[in-house]
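For reference, the structure is listed below as structure tokens.
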Amino acid sequence: VQLQASGGGSVQPGGSQGLSCAASGFIGGINVMGWYRQAPGKQRELVAEVTYGSSTNYADSVKGRFTIARDNAKNTVNLQMNSLKPEDTAVYYCNARSTSRGSQYWGKGTLVTVSS
């Protein structure tokens, strides 16, 4: 499974940014896709994830500001980030996993910088 992420970059506080991730390869059984992030000096943490059935899970810190959506036909997952804060600055990683196979995959990170 390959995960190709796009989006990211610099944005001012209060602004918006979108991230997109496309999965390819042997994607059968992938039932959860999501985004994690890792800020400098911190551990990687879950931002948001969505199941094949569109159930979602968000980190408390992003609830009400970020929206995750999945397109099963296109094998993509998108993260819309609004009302961005400096503490959202991090490298964001796309993640896909198969709970039935016990496997997970990571995309290359994309940097999001929130700064004035």
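Looking at the stretch 42-49, is at least one residue touching a Phe, Trp or Tyr at 6+ places or on another chain (Cβ under 7 Å), touching a residue at least 12 places away in the same chain (Cβ under 8 Å) and either hydroxyl-bearing (Ser, Thr, Tyr) or open to solvent by less than 20 Å² (accessible area, probe 1.4 Å) (or both)? Yes - at least one qualifying residue is present in the stretch 42-49. Exactly one residue out of Val77, Val91, Val50 is in a strand (DSSP E or B), within 21 Å of Ser115 (Cβ to Cβ) and not acidic (Asp, Glu), and it is Val91. Among the conditions (1) over 14 Å from Gln104 (Cβ atoms); (2) touching a Ser or Thr at 6+ places or on another chain (Cβ under 9 Å); (3) not β-branched (Val, Ile, Thr), Gly29 misses just one, which is (1). Residue selection: Met33 satisfies the criterion of being over 21 Å from Val114 (Cα atoms) and open to solvent by less than 40 Å² (accessible area, probe 1.4 Å).
Quick one: which residue in Ser54, Ser10, Ser20, Ser24 is at pLDDT 95 or above, among the small types (Gly, Ala, Ser) and open to solvent by 40 Å² or more (accessible area, probe 1.4 Å)? Going through Ser54, Ser10, Ser20, Ser24 in turn, just one is at pLDDT 95 or above, among the small types (Gly, Ala, Ser) and open to solvent by 40 Å² or more (accessible area, probe 1.4 Å): Ser10. Pairs are defined by a Cβ separation below 6 Å, a sequence spacing of at least 6 or placement on different chains, a first member in the stretch 66-92 that is over 17 Å from Gly9 (Cβ atoms), and a second member that is open to solvent by 60 Å² or more (accessible area, probe 1.4 Å) and part of a strand (DSSP E or B); the pairs so defined are Thr67/Gln80; Ile68/Thr56; Ala69/Asn78.
Looking at the stretch 20-67 only, could you name the residues that are aromatic (Phe, Trp, Tyr) and in contact with a strand residue (DSSP E or B) (Cβ under 6 Å, 6 or more places away or on another chain)? Correct list: Trp35, Tyr36, Tyr58, Phe66. Taken together, Thr113, Thr99 contain a single residue that is closer than 26 Å to Gln12 by Cβ and either without any contact (Cβ under 8 Å) to a residue 12 or more places away in the chain or polar (S, T, N, Q) (or both), which is Thr113.
Remark: Ser100 matches the filter, which requires a residue to be open to solvent by 80 Å² or more (accessible area, probe 1.4 Å) and in contact with a Gly (Cβ under 7 Å, 6 or more places away or on another chain). Residue selection: Asn82 fails the criterion of being modelled with pLDDT under 95 and either open to solvent by less than 70 Å² (accessible area, probe 1.4 Å) or in contact with a Pro (Cβ under 8 Å, 6 or more places away or on another chain) (or both). Taking the stretch 1-42 and the strands (runs of 3 or more DSSP E) fully enclosed by it, the elements with 3 or more residues that are closer than 17 Å to Thr67 by Cα are at 2-7, 17-24, 32-38.
The values are calculated or read from the model by the stated rules, or taken from the named source; none is laboratory data. All values derive from a computational prediction rather than experimental measurement. Note that each Cβ is placed from the backbone with ideal geometry, even for glycine, and that neighbours are counted across all protein chains shown. SASA here: full protein model, heavy atoms, side chains in, ligands and nucleic acids out. Shrake-Rupley method; radii C 1.70, N 1.55, O 1.52, S 1.80 Å.
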